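> I'd like to ask you about the structure that follows.
The values are calculated or read from the model by the stated rules, or taken from the named source; none is laboratory data. These figures come from a predicted structure and were not determined experimentally. Note that each Cβ is placed from the backbone with ideal geometry, even for glycine, and that neighbours are counted across all protein chains shown. Areas reflect the complete protein model, heavy atoms only, side chains present, ligands, DNA and RNA absent. Shrake-Rupley method; radii C 1.70, N 1.55, O 1.52, S 1.80 Å.
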Amino acid sequence: MIVKLRKWELADAEDLAKALSNKKVQDRLRDGLPYPYTKQDGREYISAMLAADANDTFAFAVTVDEKVIGSIGAFRQANIHNRTAELGYYIAEEYWGKGITTEAVKQLCDYVFTNTDIIRIFAEPFADNIGSCRVLEKVGFKYEGTLRSNAFKNGVVLDMKMYSCLREER
């Protein structure tokens, strides 16, 4: 399998909707996404990413053998944190556990650190999302600590973990 990141295209909306119309995928993400996720929701998201400031939003489709299977992005923070970006990603459930997300995170970090002035990328997966935590560790992110009772998702208070990767460590 060849994993590549590429700019979004409006034609990707259907594949995006398929990946996100899965409760197991959405249960690992922050709230705010419609369920089920429609092709129109996908078009709106893709349009927003294409219109976003290229100096602040680094959002890409994750593809395997040229098929869109997920999304990844790093989002510049504001004020004194303006050289820090938050990482977010997901892939369709049938692609979990195959090393695809690890490769996508590696490619995104390489892109951001090579093409921007960002010095730190961080991620905050739910503490019980062992797969996502393992992805970050395999790519070289450092575990910084647990954010206790940091989220309320599906009626449950959850811990989150803080991971970061620094430009100087790559």
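> Applying the selection to the range 143-161, what residues are farther than 19 Å from ARG120 by Cβ and of a type in the set (Gly, Ala, Ser)?
Selection gives SER149, ALA151, GLY155.
> Would you pick out the residues in the range 38-96 that are of a type in the set (Val, Ile, Thr) and either in contact with a Phe, Trp or Tyr (Cβ under 8 Å, 6 or more places away or on another chain) or under 25 Å from ILE2 (Cα atoms) (or both)? Spell out the reasoning first.
Step one: list which residues in the range 38-96 are of a type in the set (Val, Ile, Thr), which gives 38, 46, 57, 62-64, 68-69, 72, 80, 84, 91.
Once the filter is applied, which keeps residues that are of a type in the set (Val, Ile, Thr) and either in contact with a Phe, Trp or Tyr (Cβ under 8 Å, 6 or more places away or on another chain) or under 25 Å from ILE2 (Cα atoms) (or both), the range 38-96 yields ILE46, THR57, VAL62, THR63, VAL64, VAL68, ILE69, ILE72, THR84, ILE91.
> Tally up the residues in the range 66-85 that are surrounded by fewer than 19 Cβ atoms within 10 Å (Cβ to Cβ), more than 15 Å from GLU9 (Cβ to Cβ) and over 12 Å from the mean Cα position of the chain (by Cα), please.
The number of residues fulfilling the criteria is 8.
> Also, quick follow-up: From the list PHE58, PHE113, exactly one residue is within 15 Å of the chain's Cα centre (by Cα), of a type outside the set (Ser, Thr, Tyr) and at negative phi. Which is it? Give the derivation first.
Numbers: PHE113 fails: within 15 Å of the chain's Cα centre (by Cα).
Going through PHE58, PHE113 in turn, just one is within 15 Å of the chain's Cα centre (by Cα), of a type outside the set (Ser, Thr, Tyr) and at negative phi: PHE58.
> Ok, one more. Among the residues of the range 111-143, what is the count of those that are closer than 20 Å to ALA78 by Cβ and in a strand (DSSP E or B)?
Selection size over the range 111-143: 4.
> Can you find even one residue in the range 45-65 that is at pLDDT 95 or above, of a type in the set (D, E, K, R) and surrounded by fewer than 18 Cβ atoms within 10 Å (Cβ to Cβ)?
yes
> May I pose another question? Pairs under 9 Å by beta carbon, first residue closer than 28 Å to ASN150 by Cβ in the range 106-125, partner surrounded by 15 or more Cβ atoms within 10 Å (Cβ to Cβ) and at pLDDT below 95, six or more apart or different chains?
PRO125/ARG28
Yes/no matrix, rows are residues, columns are (1) touching a Pro at 6+ places or on another chain (Cβ under 9 Å); (2) of a type in the set (D, E, K, R); (3) open to solvent by 50 Å² or more (accessible area, probe 1.4 Å):
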{"position": "TYR111", "(1), (2), (3)": "no, no, yes"}
{"position": "ASP117", "(1), (2), (3)": "no, yes, yes"}
{"position": "ARG134", "(1), (2), (3)": "no, yes, yes"}
{"position": "VAL139", "(1), (2), (3)": "no, no, no"}
{"position": "GLU144", "(1), (2), (3)": "no, yes, yes"}
{"position": "ARG148", "(1), (2), (3)": "no, yes, yes"}
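> Could you look through the range 14-32, keep only residues that are within 27 Å of ASP110 (Cβ to Cβ) and aliphatic (A, V, I, L, M), and pick out the one that is modelled with the lowest pLDDT? Outline the logic, then answer.
Here is the first cut: in the range 14-32, the residues within 27 Å of ASP110 (Cβ to Cβ) are 15-16, 19-20, 25, 28-30.
Then keep just the ones that are aliphatic (A, V, I, L, M); that gives 16, 19-20, 25, 29.
Numbers: LEU16: 94, ALA19: 93, LEU20: 92, VAL25: 92, LEU29: 87.
So, considering only residues that are within 27 Å of ASP110 (Cβ to Cβ) and aliphatic (A, V, I, L, M), the one modelled with the lowest pLDDT is LEU29.
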